[in-house]
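Heads up: the structure comes next, in structure tokens.
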There are 2 protein chains.
Amino acid sequence: MTLQGKLLIGQRAVSGHSPPINAIDPATGEALEPAYPGGGQAEVELACELAWAAFDAYRETSLDERAAFLETIASEIEAIGDELIERAMAETGLPRARLEGERGRTCGQLRLFADVVRAGEWLDVRLDPALPERAPLPRVDLRQRHIARGPVAVFGASNFPLAFSVAGGDTASSLAAGCPVVVKAHSAHPGTSELVGRAVQQAVAQCGLPEGVFSLLFGSGNEIGQALVADPCIQAVGFTGSRAGGTALMQTAQARPQPIPVYAEMSSINPVFLLPEALAARGSEIAEGFVASLTMGAGQFCTNPGLVIGVKGAALDAFVASAGEAIQGSAAQTMLTPGIHGAYQDGVGALAGHPKVREVARGQEGDGPHPCQAGLFVAAASDFLADAALQGEVFGATALVLECADLDEMAAVAEQLEGQLTATLQLDDGDLDAARTLLPTLERRAGRVLANGWPTGVEVCHAMVHGGPFPATSDSRSTSVGSAAIQRFLRPVCYQNLPEGLLPEALKDGNPLGVSRLVDGKREA
Amino acid sequence: MTLQGKLLIGQRAVSGHSPPINAIDPATGEALEPAYPGGGQAEVELACELAWAAFDAYRETSLDERAAFLETIASEIEAIGDELIERAMAETGLPRARLEGERGRTCGQLRLFADVVRAGEWLDVRLDPALPERAPLPRVDLRQRHIARGPVAVFGASNFPLAFSVAGGDTASSLAAGCPVVVKAHSAHPGTSELVGRAVQQAVAQCGLPEGVFSLLFGSGNEIGQALVADPCIQAVGFTGSRAGGTALMQTAQARPQPIPVYAEMSSINPVFLLPEALAARGSEIAEGFVASLTMGAGQFCTNPGLVIGVKGAALDAFVASAGEAIQGSAAQTMLTPGIHGAYQDGVGALAGHPKVREVARGQEGDGPHPCQAGLFVAAASDFLADAALQGEVFGATALVLECADLDEMAAVAEQLEGQLTATLQLDDGDLDAARTLLPTLERRAGRVLANGWPTGVEVCHAMVHGGPFPATSDSRSTSVGSAAIQRFLRPVCYQNLPEGLLPEALKDGNPLGVSRLVDGKREA
């Protein structure tokens, strides 16, 4: 497929006219062809108007039609073949195996949402039948279902060019909910975005859906993204990226005449608590697992374990020594973009220059232009508690170990943490009481609590929560990974005393869709 | 019970120190004793700190304990006896039967939430068991439940001194979710608030719960409310009131270092669409039902039908004539407060003085100081479409009838409406096609769609949606009436690979709570 460097608006390919983007091969620093001239206000409006025009028809497609569309997207992505992997490798510096895995995850995610659509749990059907004889007042027939909110603006993420990008989790869950999608491509991987965008465009046509169900915009700077979030047709936003980027979108969304929800997944340092028995019994094994999780993908994961908390002493010293040794041996990895590399260098520099922070180890230096040299630092928990700046995320393979005076200080650290995507406990049987003490705090502070594992590697399933209190996300009521992500793009509607002929299928007598329902408050599976 | 005029903070009664509030008897204009000196920042902080201190223990009370607490509140409110009704009558001007009914609704609502807590649907339990043999990667055990968000700030509403006030729907659903509550009493009914607040205080003590589970603050002006929403311990807000009040709280909540959700139910004109066959066949019957709904409780309901839309012609003329006659015969009713009466007079005056609006009828004039004289006005739909000001809510028993050129113009009106709590269709069999054309728009614009009924009289049940797009509410993902209201105060947490001894009861093997669960995406009732 020849890349065209154009915006995909509905079924059209539209030339941009604002300053062009070229992907940079981070391994070489070279610009990749083609250039992607950016769109502006007119292209945003066109995409959003098409999305709005498609909305009523798309949201009432049958469960099977919508599921088949999601499955067709997956097949079309697979049909691109190796060209997609090679372009993504060139644009991101990520290795082949990782990108092949990510493609599998992306297509698996689309197929999971097809199953979710068919199962119909997301409709949250509730029926309260009429009670004409009730005294003092009869009850009329009341039925509830969830409907799609409206067109969704999705922002591609730099660190998952497939799974959190054009046809990633936000897009899959929006489309599953019945919402048309307008994607703003991440400027780091426009070619990958175009390839996937054309696959979605193709699926829209194949399934005979209105063209506005999907559009893909390019544009450098924040202007086009802000215009997209401000557009009156847009009814929700999905975003994965920096805290600054996410909070800027939140402000725009709130300043609209009609404010809309923003689901921004932003910033997390994913604390790992080393409980004493586990630390004493298997400190070096834990260190090994920790460094593997920390350095995977050059640490460019929102669930990267950036903070480790233990009680000061010989066992923690041994852990730090083991982890430091592993860090020293870790090879440099190419980071995704010059910008991410620059921010990483700044973050590591700030830690290294902090008067209360001690450098334990650095990984190997790299040759290429944007290498991630891993890092391990140590500070006293009391210094961490006294300096909010030490909670800042360093996006990349660097972590800070905190030495606590005792378990009480460990609890104080947990209590002072900002909202997190994850919190991890390394524990053995003898640590259960200490874990039980920490758990209420960790539940309040994080979306996912793990024991004896590592937070990287987020399973796409029904029980997953990839979310958490601010600033981990802008909206802790939701998850951006897993089937519950669909709920972000729905809202409930109640139908009172509607004639059978007007009721939506999901609410008709006899349960023609065969979905789980709450009848008079009782669950009927 | 002697009213003390004090703030109730935990188990304490605390004297305020800022300018006092006295309730005004709206029927006489007289100030009622005692005075309620307002609290300030110190009282807000004390209440919020107590709420925070109570949170972890309260949210992990057993389902039975929490349900029993809600039932005890209901019993304690009933135990106040007639003193509550008499004080509420004096403070609001509402008649005895209405307030007795509202007390029944309030206590019924608390008991419904007790049932909801016990049933455990709100936990949204999801289990994805470990798949150790899965290739290429095994899956670890993942379990999800919902937990309480944290302390909730609840603002009492003027128009439901019991059902949307101190122990009303927001408080009941917050407490059901496991969230402590700090109520800011509405200044129109402080005595009623104190009586109910003491009943809740009593229930907290009887059930042996931490005192911070409930506090009740008084204060004139916006200062104390804004301080409450800004307090870092507060994690969500429930509000019923004006659009200006709600949007001010939204801004405060968004400006916090950690933004929090605001559930503000604000403004709705509840359009009623008179479809041609129904209008021709039973216009005068519809007019009768309409005027009864419009004038009930002096029209002081958020679901009051303030806008009626029909196709211009003899049938609509006859409807307007019938409705106008009924309006003329309608007695004046005392409004809740001088402020509400003043705003009503302004709103009616603006309609009466609008060059494109024709006055059809006014109700009887009243003798008392704050009478609601009903009103009916007519305008051309084209003028309504051209002037956004005609969409403003007139809180009280006044409605505007729109004359449309045809069904297309009716659809245009529907499309241009702001977000609404309700939209009503008056239809007969021959109107089904017209209704089918309007329905997608009404679903997008409203939280509840009704046929052949009236929007006033909101059933407290499982399928109810008392919500809707902005500005009907600040958050269309939710309802403030009915069992789904509990979801506003919850968030999901995922537990990965936790030892059985650390898992919450709801997630343990063998389903000890006997709740409905989603296992590998399949519903187990």
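Per-structure values
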| quantity | calculated |
| --- | --- |
| So A:A350, is it more than 24 Å from the chain's Cα centre (by Cα) and in the same structural domain as A:A287 (by TED's automatic domain parsing) | yes |
| Given (1) at the interface with chain B (Cβ under 10 Å from one of its Cβ atoms); (2) surrounded by 22 or more Cβ atoms within 10 Å (Cβ to Cβ); (3) of a type in the set (V, I, T); (4) under 30 Å from A:P355 (Cβ atoms), index of the condition A:V465 fails | (4) |
| Complete set of residues in region B:415-462 that are of a type in the set (S, T, N, Q), crowded, with 21+ Cβ neighbours inside 10 Å and within 14 Å of the chain's Cα centre (by Cα) | B:Q420, B:T422 |
| Members of region B:12-28 that are under 27 Å from the mean Cα position of the chain (by Cα) and in a loop (DSSP other than H, G, I, E, B) | B:N22, B:A23, B:P26, B:A27 |
| Residue satisfying all of: in region A:393-449; assigned to a loop (DSSP other than H, G, I, E, B) and hydrophobic (A, V, I, L, M, F, W, C); nearest to the other protein chains (Cβ to nearest Cβ) among these | A:L427 |
| Subset tally (residues that are more than 10 Å from every other protein chain (Cβ to nearest Cβ), more than 18 Å from the chain's Cα centre (by Cα) and surrounded by fewer than 17 Cβ atoms within 10 Å (Cβ to Cβ)) for region A:97-117 | 2 |
| Which listed residue is under 30 Å from B:L427 (Cβ atoms) and touching a residue at least 12 places away in the same chain (Cβ under 8 Å), from A:R444, A:R491 | A:R491 |
| Criterion violated by A:M250 - all others in (1) part of a helix (DSSP H, G or I); (2) in contact with an Asp or Glu (Cβ under 6 Å, 6 or more places away or on another chain) satisfied | (2) |
| B:L390 being closer than 22 Å to A:P259 by Cα, assigned by TED's automatic domain parsing to the domain that holds B:A350 and in a helix (DSSP H, G or I) | yes |
| Residue under evaluation B:L94, criteria (1) within 14 Å of another protein chain (Cβ to nearest Cβ); (2) over 30 Å from B:C494 (Cβ atoms); (3) not in a helix (DSSP H, G or I), criterion not met | (1) |
| Considering residues of region B:227-256 that are of a type in the set (S, T, N, Q) and facing another protein chain (nearest Cβ under 10 Å) only, the residue nearest to B:D56 (Cα to Cα) | B:Q235 |
| Verdict on A:E365 being in contact (Cβ under 8 Å) with a residue 12 or more places away in the chain and more than 22 Å from A:S268 (Cα to Cα) | yes |
| Subset tally (residues that are aliphatic (A, V, I, L, M) and in contact with a Phe, Trp or Tyr (Cβ under 8 Å, 6 or more places away or on another chain)) for region B:183-206 | 5 |
| Residues that are assigned to a loop (DSSP other than H, G, I, E, B) and at the interface with another protein chain (Cβ under 10 Å from one of its Cβ atoms), drawn from region B:121-133 | B:D124, B:P129 |
| Count of region B:360-406 residues which are of a type in the set (G, A, S), more than 15 Å from B:G310 (Cα to Cα) and either buried (at least 21 other Cβ atoms within 10 Å of the Cβ) or touching a strand residue (DSSP E or B) at 6+ places or on another chain (Cβ under 6 Å) (or both) | 7 |
| Candidates A:R488, A:R477, filtered to the one that is of a type outside the set (S, T, N, Q), farther than 30 Å from A:L279 by Cβ and at the interface with chain B (Cβ under 7 Å from one of its Cβ atoms) | A:R477 |
| Residues of region B:131-163 satisfying the condition of being out of contact with any Cys (no Cβ under 9 Å at 6 or more places or on another chain) and without any contact (Cβ under 8 Å) to a residue 24 or more places away in the chain | B:L131, B:P132, B:E133, B:R134, B:A135, B:P136, B:L137, B:P138 |
| Residue in region A:103-117 that is in contact with a helix residue (DSSP H, G or I) (Cβ under 6 Å, 6 or more places away or on another chain), farther than 30 Å from B:R98 by Cα and β-branched (V, I, T) present | yes |
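Per-residue answers, yes or no, for (1) touching a Gly at 6+ places or on another chain (Cβ under 9 Å); (2) buried (at least 17 other Cβ atoms within 10 Å of the Cβ):
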{"residue": "B:P261", "(1), (2)": "no, yes"}
{"residue": "B:N270", "(1), (2)": "yes, yes"}
{"residue": "B:I286", "(1), (2)": "no, yes"}
{"residue": "B:G313", "(1), (2)": "no, no"}
{"residue": "B:Q328", "(1), (2)": "yes, no"}
{"residue": "B:M335", "(1), (2)": "yes, yes"}
{"residue": "B:G339", "(1), (2)": "no, no"}
{"residue": "B:Y344", "(1), (2)": "yes, yes"}
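The values are calculated or read from the model by the stated rules, or taken from the named source; none is laboratory data. Every value quoted in this text rests on a predicted model; they were computed, and no experiment measured them. Counting neighbours? That spans all protein chains shown, and the Cβs are built from the backbone with ideal geometry, glycine included.
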